[in-house]
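**Student:** Here it is, the structure, as structure tokens.
Coordinate-derived values only; no laboratory data. As the structure is a prediction and not an experimental result, all values here were calculated from the model. Methodologically, a virtual Cβ is constructed for each residue, glycine included, from the backbone with ideal geometry; neighbour enumeration extends over all protein chains shown.
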Ligand SMILES: C[S@@+](CC[C@H](N)C(=O)[O-])C[C@H]1O[C@@H](n2cnc3c(N)ncnc32)[C@H](O)[C@@H]1O
């Protein structure tokens, strides 16, 4: 059985580089700042967005996660996926996963800003992992139970070598710059906002923290990288969070960013997909 280490530390001790080590079953760092829970878009069509992504990467078929079958293979073209989404046969999170594979390459560094049950973390891992062991997935969540769930999913569906590429942190995504090394060019930062499915619905992403996290993501993202956001308006604070994100996106200069929004208009509570592509 693979034995990894958990480094438990407070936020301040992380900053002073002092880490207390103890055994756990995955590589995890705990950061507990007091602010944990204080957490006119330039819309173009997804076709234009997909086209810019395809210039970057001609990825074909991968195995990525879905809530019901984490190993269900996702293959096909962006066009097929969009058609399926149009006909209500693909969910927003699945569209996001398809978009990622047009941006992320083997060996890349990526961030999962809201690990939750780990489906997105696993999908990202499958995109970056190869025999070079260069890829990295930096994952975070404010709930330890979420990272345990993520780790358990990785145990089931990732090899020990793949799992070595994942670092999990109990912390707010607003502090992601503290754990991604300065010299690492991040290709993608993924947000899947709201609460942990099956968990405590009171522990939820908050608009103020989300905007701080978006600012941080903007700073660490490499040119040609993507900030991917799935946001929900059906829960208290969700609409405000979406509006703050939309406002953030609308202020990004068109010369260096391409920002898209995707939504099923006759399902007002359907998840919103927002992609911020850094040129
Ligand atoms: C919808 S779930 C994420 C789903 C997940 N990506 C998956 O694939 O299963 C949202 C998660 O965001 C976490 N969260 C809430 N506030 C956060 C914050 N400030 N920083 C990081 N994670 C946060 C919640 O604990 C919850 O687990």
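**Student:** Largest first and to the nearest Å, give the Cα extent of segment 90-150 along each principal axis.
**Tutor:** Principal-axis extents of segment 90-150 (Cα, largest first): 30, 30, 14 Å.
**Student:** Suppose each label sits 7 Å from its Cα in the direction of the beta carbon; what would the residue 203-residue 247 distance come out to in nanometres?
**Tutor:** Each label point is offset 7 Å from its Cα along the Cβ direction, giving 2.8 nm.
**Student:** How long is the gain from residue 264 to residue 219 if the chain were fully straight, where each residue apart is worth 0.36 nm and the alpha carbon distance is subtracted?
**Tutor:** 13.2 nm
**Student:** How would you rank 184, 99, going from fewest to most other Cβ atoms within 10 Å of each one's own Cβ?
**Tutor:** 184, 99
**Student:** Right, another one. Would you calculate the separation in nanometres between label points at residue 255 and residue 279, each defined as 7 Å from the Cα along the Cα-to-beta-carbon direction?
**Tutor:** Simple spin-label model gives 0.9 nm for this pair.
**Student:** Among 130, 108, 120, 183, which comes first, second and so on when ranked by fewest other beta-carbon atoms within 10 Å?
**Tutor:** Result, fewest neighbours first: 183, 130, 108, 120.
**Student:** Further question on the same structure: Using only the alpha carbons, work out the radius of gyration and Dmax of segment 147-230 in angstrom.
**Tutor:** When restricted to the Cα atoms of segment 147-230, Rg and Dmax are 14.0, 37 Å.
**Student:** Give the order of 229, 220, 254 when sorted by the count of other beta carbons within 10 angstrom, beginning with the fewest.
**Tutor:** Least crowded to most crowded, the residues run 254, 220, 229.
**Student:** A follow-up question, please. Based on the alpha carbons, how large is the Rg to Rh ratio for segment 184-235 when Rh follows Kirkwood?
**Tutor:** Using Cα coordinates only, the ratio equals 1.04.
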